[in-house]
Amino acid sequence: MTNISITYSKNNVGAYINDINLKNLDQGKAEEIKKTLNQFGVIFIKEQNLNPESYQNFAKSIGQPVVYPRLKGFNEKFPFINVIERKPDDKNLSFGSSWLHQDTSYLADDRPRYTMLMGIEIPKGQGNTIFSSGFNAYEKLPNEIKDKIKNATGIFSSAGPISVTRLEREKEMGIKSSESLEAEHSIVKTVSGKKTLYVSPGHLIKIKNVKEEEADYLKNYLIEHVNKKDFIFSYEWSKGDICLWDNLSILHMASEIKNCKRIMHRITIK
Ligand SMILES: [Fe+2]
């Protein structure tokens, strides 16, 4: 039994945590937040407006923050906070937009599990973050498909379709693009006792351990399936909001932003 107050999000994609101030968090509450996160896959905590120190401390109460080398750091004191800035005259695709994905699925073992964003400067009416629940998508699969994919693995590549948004970001920052990374993971995972789909359409390039002649069909089927509107929740940001998700069970993507400025602080957590 939990003593934090939660509200289910639309389509049951994650939960809002209500009446909480992350600046003053005791160990017990932090553990309940983490339990809720693992159970629902994504949590939304409105209008926290944390300073960098409190934000980084909250991340540490969830797990081990990690440095994400392809994004700009906040400063030397807060190396785990990445600044994601969209300028009004930016014309290219927003970082992480257009394809649902699960962050860093192209890494093998020991990859970071959680991603957290806080809204610093939020334009009105655009820039929602789109979430899809792997739990709900798995549950609604026909039994015949569940059976076909029960031992399936996927090959996930950093050069998958979403890489175009990363390459643009690296060009902006003057980073020479690194070689592509690939990893193989099971497509069906169990988190908090529930099965979930790990298919990261932005990175998935091939499905293995299924009948060879069905591999492409299953890949396309699963990608289409997780994109169905029944499994989607489009989160509209307010300044100071925090979204924190588990990349094992939740898929996400950025939506397009045109002619306005937006700043987010991101922390990647193991
Ligand atoms: Fe992402």
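The values are calculated or read from the model by the stated rules, or taken from the named source; none is laboratory data. Small disclaimer: the values here were computed from a predicted structure and weren't measured. All Cβ positions, glycine included, derive from the backbone under ideal geometry; neighbour counts span all protein chains shown. Accessible surface areas use protein heavy atoms only, side chains included; no ligands, DNA or RNA. Shrake-Rupley method; radii C 1.70, N 1.55, O 1.52, S 1.80 Å.
For the chain, relative contact order (Cα pairs under 8 Å, six or more residues apart, normalised by length) works out to 36 percent. The amide H of HIS185, built 1.01 Å from its N in the peptide plane, has GLY154, PHE156 as neighbours under 5 Å, considering only residues 5 or more places off or on other chains.
Between region 234-270 and region 131-169, the C-alpha centres lie 19 angstrom from each other.
For region 79-150, the calculated P(r) over all alpha carbon pairs, in 5 Å bins from 0 to the bin holding the longest distance, is 3, 9, 16, 19, 19, 14, 8, 6, 5, 1 percent. Surface calculation, 1.4 Å probe, protein heavy atoms: ARG166 sits at approximately 30 Å² accessible. Close amide H pairs (under 5 Å, H built 1.01 Å from N) link SER97 with ALA254, residues at least 5 positions away or on another chain. In sequence order, region 118-127 has phi-based couplings of 10, x, 9, 10, 10, x, 6, x, 8, x Hz under the Karplus curve 6.51 cos²θ - 1.76 cosθ + 1.60, θ = phi - 60°, and Gly or Pro positions carry x. Where q = 0.20, 0.23, 0.24 Å⁻¹, what log10 of I(q)/I(0) comes from the Debye formula for region 1-116, counting one point per Cα? Cα-only, vacuum Debye calculation for region 1-116: -1.37, -1.49, -1.50. Using only Cα coordinates, the Kirkwood hydrodynamic radius of region 130-270 works out to 16.8 Å. Computed over the Cα atoms of region 83-205, the ratio of the radius of gyration to the Kirkwood radius (Rg/Rh) comes to 1.00. Shown is the FRET efficiency for ASP216 and ASN24, computed with R0 = 51 Å from the Cβ-Cβ distance and rounded to the nearest 0.05: 0.45.
Accessible area per residue (1.4 Å probe, heavy atoms of protein chains only) ranks THR129, THR190 as THR190, THR129, with the largest value leading.
Taking amide H positions as modeled 1.01 Å from N, with prolines and chain starts lacking one, the residues under 5 Å from ILE250 and 5 or more places away or on another chain are GLY134. Solvent exposure of SER234, expressed as accessible area, is near 50 Å², computed with a probe of 1.4 Å over the protein chains only. Under 19 Å from a label point 7 Å along Cα→Cβ of ASP230: give me every residue in region 122-159 with its amide N that close. Those under the cut-off are 131-149.
When nucleic acids and ligands are ignored and a 1.4 Å probe is applied, TYR8 ends up with an accessible area of around 140 Å².
Among the GluC sites (Glu not before Pro) in region 179-270, those placed in a DSSP loop whose Cβ has at most 13 other Cβ atoms within 10 Å are GLU179, GLU236, GLU256.
Could you tell me what percent of the DSSP beta bridges with both partners in the chain are antiparallel, to the nearest 5? Of the beta bridges lying entirely in the chain, close to 95 percent run antiparallel.
Working from Cα pairs under 8 Å separated by at least six residues, relative contact order for region 164-270 is 21 percent. Applied to region 96-103, the Karplus parametrisation 6.51 cos²θ - 1.76 cosθ + 1.60 on θ = phi - 60° returns per-residue 3J(HN,Hα) values of x, 9, 6, 10, 4, 7, 10, 3 Hz, with x for Gly and Pro.
Contact order for region 107-234, expressed relative to its length and based on alpha carbon pairs under 8 Å spaced 6+ residues apart, stands at 36 percent.
Evaluated on region 217-270, the Kirkwood hydrodynamic radius is 14.1 Å, with distances taken between all distinct Cα atoms. Gyration tensor analysis over the Cα atoms of the chain returns equivalent ellipsoid semi-axes of 28, 23, 17 Å (largest first, whole Å). For region 206-218, backbone phi angles converted through the Karplus equation (6.51, -1.76, 1.60; θ = phi - 60°) give residue-by-residue couplings of 7, 10, 10, 6, 10, 4, 3, 6, 9, 4, 5, 4, 5 Hz, Gly and Pro being listed as x.
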